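Take a look at the structure below.
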Amino acid sequence: MKKSGLDAIDVRILSALQTHGQLSKTRLAEIVSLSPTPCWARLDRLKAAGFIRGYHAEIALDRIVDFTRVIVTVSLTHHRKADFERFEAHIAKVDEITHCVATGGGMDYIMTVFVRNVAAFETLMAGMLDAELGIDRYVTYFTIRTVKAGYPDLAKLHAAPPTKPSIEES
């Protein structure tokens, strides 16, 4: 069963926006093979329903400024709700941390940090440790280059899961 209630045309519209960003009514309609007026009506419905969070430009940051991107895994000392809330509230206020996901398994969080240099990263981490956020340990990975970056294939994720072969087919 589909969680969203979206049909194939809605998925094509969202996929086009995910790939190309904000598009004109005519161009979007061409990409999804629908006439402009119904395409725009669907887009308005998708926006109103909260399926589109915003439009963003992909900036060539490396052409503007030298920076260091660091991936940091963090494990907290304690695992109470208040510990997670305190850590997450602090992270939300740190501009240099652009992504932070809570994980299950060996580490509690994986963060992506953008700073000017290693010294700036050291200062940032010292501040987090001084803030007594309950960090037990953290592991730092300085990135060398981006191998792949993108978005999931929305149509593929939205498609019905493959069925298991029946006993007769095996």
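The values are calculated or read from the model by the stated rules, or taken from the named source; none is laboratory data. It should be emphasised that the depicted structure is a prediction, and the values quoted were computed from it without experimental measurement. All Cβ positions, glycine included, derive from the backbone under ideal geometry; neighbour counts span all protein chains shown.
All but one of (1) more than 30 Å from Ala8 (Cα to Cα); (2) at pLDDT 95 or above; (3) within 21 Å of the chain's Cα centre (by Cα); (4) loosely packed, with under 12 Cβ neighbours inside 10 Å hold for Lys81, so report the exception by its number.
All conditions pass for Lys81, except number (3).
Applying the selection to region 14-44, what residues are part of a helix (DSSP H, G or I), under 20 Å from the mean Cα position of the chain (by Cα) and either small (Gly, Ala, Ser) or over 24 Å from Glu58 (Cβ atoms) (or both)? Explain how you work it out, then say what you get.
To start, the set of residues in region 14-44 that are part of a helix (DSSP H, G or I) comprises 14-20, 25-32, 36-44.
If we keep only those that are under 20 Å from the mean Cα position of the chain (by Cα) too, we end up with 14-20.
Residues satisfying the conditions are Ser15, Ala16.
Residues to consider are Phe121, Phe114; find the one that is modelled with pLDDT of 95 or more, surrounded by 10 or more Cβ atoms within 10 Å (Cβ to Cβ) and over 30 Å from Ala16 (Cβ atoms).
After applying the criteria, what remains is Phe121.
Within region 107-142, restricting attention to residues that are among the small types (Gly, Ala, Ser) and part of a loop (DSSP other than H, G, I, E, B), which residue is farthest from Asp83 (Cα to Cα)? Spell out the reasoning first.
Taking region 107-142 as the starting set, the residues that turn out to be among the small types (Gly, Ala, Ser) are 119-120, 126-127, 131, 134.
When the remaining residues are screened for being part of a loop (DSSP other than H, G, I, E, B), the result is 131, 134.
On the way: Ala131: 13, Gly134: 7 Å.
So, considering only residues that are among the small types (Gly, Ala, Ser) and part of a loop (DSSP other than H, G, I, E, B), the one farthest from Asp83 (Cα to Cα) is Ala131.
If I ask for residues that are exposed (fewer than 10 other Cβ atoms within 10 Å of the Cβ) and either assigned to a loop (DSSP other than H, G, I, E, B) or touching a residue at least 60 places away in the same chain (Cβ under 8 Å) (or both), which ones from region 56-77 would you list?
Hits for region 56-77 are His56, Ala57, Glu58, Ile59, Ala60, Ile64, Val65, Asp66.
Answer with yes or no whether His20 is touching a Leu at 6+ places or on another chain (Cβ under 9 Å), loosely packed, with under 14 Cβ neighbours inside 10 Å and of a type outside the set (Lys, Arg). Let's see the steps before the verdict.
Working: touching a Leu at 6+ places or on another chain (Cβ under 9 Å): yes; loosely packed, with under 14 Cβ neighbours inside 10 Å: yes; of a type outside the set (Lys, Arg): yes.
When the stated conditions are applied, His20 passes them.
Checking the conditions here, which among Val70, Val11 is at negative phi and either modelled with pLDDT of 95 or more or over 19 Å from the mean Cα position of the chain (by Cα) (or both)?
Working: Val11 fails: either modelled with pLDDT of 95 or more or over 19 Å from the mean Cα position of the chain (by Cα) (or both).
Matching residue, one of Val70, Val11: Val70.
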